[in-house]
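Visitor: Once you've had a glance at the structure underneath, I'll fire off some questions.
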Amino acid sequence: MSRTVKVGILGLGVVGAELVNIIKANQENMLKKYGVNVEIGKVYVRDLSKKRATDTSDLKLTNNAYDVVYDNEIDVVCECMGGSGTEETKDYVVKAIEHNKSVVMSSKKVLALYGNEILQLLKEREVSLRYDATVGGGIPITKIIKECFKGERIEKLVGILNATSNFIYTRMEKDNMSFEDALKKAQKLGYAENDPSEDINGFDALYKAVILTLFSMKKWVDIKTLSTTPFSNIDVLDMKYASELGYKIKPLAIVENRESGIRYRLGPCLIKENHIAANTVENYNIIVFKGSNTGVLGFYGQGAGSKPTASAMFDDLVGIIGSDGAGSDGLLRETYRDITSVENVNENKNNLYWRMDVENIVGKLALICTILAKNSVNIEKVIQKDEIEGKIGVVLLTSNADSTTISKIIDEFSENHIEIRTILPFLGE
Ligand SMILES: NC(=O)c1ccc[n+]([C@@H]2O[C@H](COP(=O)([O-])OP(=O)(O)OC[C@H]3O[C@@H](n4cnc5c(N)ncnc54)[C@H](OP(=O)(O)O)[C@@H]3O)[C@@H](O)[C@H]2O)c1
């Protein structure tokens, strides 16, 4: 005997339209495989007259989202909105859950900002929340977390979570482009939005890091307490010099699971050239976990795009339908219960890459070394570059310096006319 599951959709942009296509293409299969007749109920859009990237002749469009979230016949709501309406989107998700609908989410920003509030609601209700499309595009990362790490403590995560920045870094490294030109190219190819600020300032990657922390480490850190270093804070010379030192510069998110809380670092970072993340290029993402027993595991794939994202949403939808209709989902419920709120750990010790310009006169390199030694900072590697317009470049790696010492060194360099061009963290392992 077959049953019917009605799906409501919020948003019919590039992801929503693809989701409609995938649902329609799989309706027969779903009936055969699961005995479920998947019907699209109502679809919310802002502008009813806009041309859509999918056939809408058989869809019930509405410009009132509450027509979808309050519809008693709808079992599952798929949110493909996001955009600027963050609070509005959160409100629809909350209302849908309060009206006993399971929800498939796509908006990382909404989940990263309001995840704790949404999860509190879920604790009391027999509905599910799935969110695989929010992180890593086509990489089924939340399903891997849910199914595969039952006996593991995830100790660390290193990820390239923003496809736009990774594409830009790849163009800088391979084609010698400036950050600005590479960004223009990304926009031309559709890899970057007209307003790319969330991507290049690191916020998009931060939202994803918070979501991954929530579900892999079961810890919630208030995103307002976190900061990022813009991914735009580098130039091509840094990439060349990093390579001479045996490193690549990547737009990284690093999350460490400490007893005292979570340590987040988001921004450009040097990573050893043989690390799997150093070799993740173009618009690809990678998520590398270090488990207490598994050791290092990496998950690689396309981080964005309407098709991989809609595919992840459809898979979530099938997951909900397959788990007793739109109903209970024991394992996820356990996950919601386990989550605790913790603080961000601001660790003081830093491993740093420095690039400086100094006048080409005898004793300048010795002076740099003396200032560092006087402040008990260890130099791991140093290279001196050719003279350009009377200045020579000095590049070095220092380890384990605290923030106060670093500030002091910066002041002393300035007093001695040593011009700092770049300071970046590096990952030692
Ligand atoms: N595109 C990707 O590669 C990708 C990847 C991962 C996750 N996502 C997430 O998927 C969601 C949808 O992305 P998209 O690329 O499909 O976006 P989009 O093309 O801009 O479509 C957004 C849809 O939501 C509707 N909408 C209703 N209220 C809105 C509001 N206040 N602000 C913005 N849109 C509103 C829009 O209606 P109208 O069409 O009538 O204006 C439109 O149909 C976002 O949360 C995004 O973060 C996207």
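The values are calculated or read from the model by the stated rules, or taken from the named source; none is laboratory data. These figures come from a predicted structure and were not determined experimentally. As a convention, Cβ positions derive from the backbone with ideal geometry for all residues, glycine included, and neighbour counts pool all protein chains shown.
Visitor: Would you tally the residues in the stretch 86-115 being buried (at least 23 other Cβ atoms within 10 Å of the Cβ), assigned to a loop (DSSP other than H, G, I, E, B) and without any contact (Cβ under 8 Å) to a residue 60 or more places away in the chain?
Guide: Total meeting the criteria: 1.
Visitor: Which is more than 28 Å from GLU273 (Cβ to Cβ), surrounded by fewer than 17 Cβ atoms within 10 Å (Cβ to Cβ) and in contact (Cβ under 8 Å) with a residue 60 or more places away in the chain, of GLU419, GLU429, GLU343?
Guide: GLU343
Visitor: In the stretch 130-144, which residues are surrounded by fewer than 24 Cβ atoms within 10 Å (Cβ to Cβ) and away from the ligand (no atom under 13 Å from the Cβ)?
Guide: The answer is PRO140, LYS143, ILE144.
Visitor: Of all residues in the stretch 62-75, which are surrounded by 14 or more Cβ atoms within 10 Å (Cβ to Cβ) and near the ligand (Cβ under 9 Å from one of its atoms)?
Guide: Across the stretch 62-75, the qualifying residue is only ALA65.
Visitor: Does any residue of the stretch 402-414 turn out to be at pLDDT 95 or above and in a strand (DSSP E or B)?
Guide: no
Visitor: Another question about this same structure. Is there any pair with a first residue in the stretch 41-53 that is more than 7 Å from the ligand (Cβ to nearest atom) and a second that is modelled with pLDDT under 95 and not hydroxyl-bearing (Ser, Thr, Tyr) whose Cβ atoms are under 8 Å apart and which are 6 or more apart or on different chains, and what are they?
Guide: Cβ pairs passing all conditions: ALA53/VAL14.
Visitor: Of everything in the stretch 292-342, what is in a helix (DSSP H, G or I), more than 13 Å from the ligand (Cβ to nearest atom) and modelled with pLDDT of 85 or more? Give them in sequence order.
Guide: PHE314, ASP315, LEU317, VAL318, GLY319, ILE320, ILE321, listed by residue number.
Visitor: Looking only at the stretch 76-84, decide whether some residue is near the ligand (Cβ under 10 Å from one of its atoms), in contact with an Asp or Glu (Cβ under 7 Å, 6 or more places away or on another chain) and not assigned by TED's automatic domain parsing to the domain that holds TYR207.
Guide: no
Visitor: Here are SER407, SER376: which of them is surrounded by fewer than 14 Cβ atoms within 10 Å (Cβ to Cβ), on the phi < 0 side of the Ramachandran plot and within 38 Å of the chain's Cα centre (by Cα)?
Guide: Residue meeting the stated conditions: SER407.
Visitor: Next up: Could you say whether any residue in the stretch 383-401 is modelled with pLDDT of 95 or more and either more than 30 Å from TYR241 (Cα to Cα) or among the basic types (Lys, Arg) (or both)?
Guide: no
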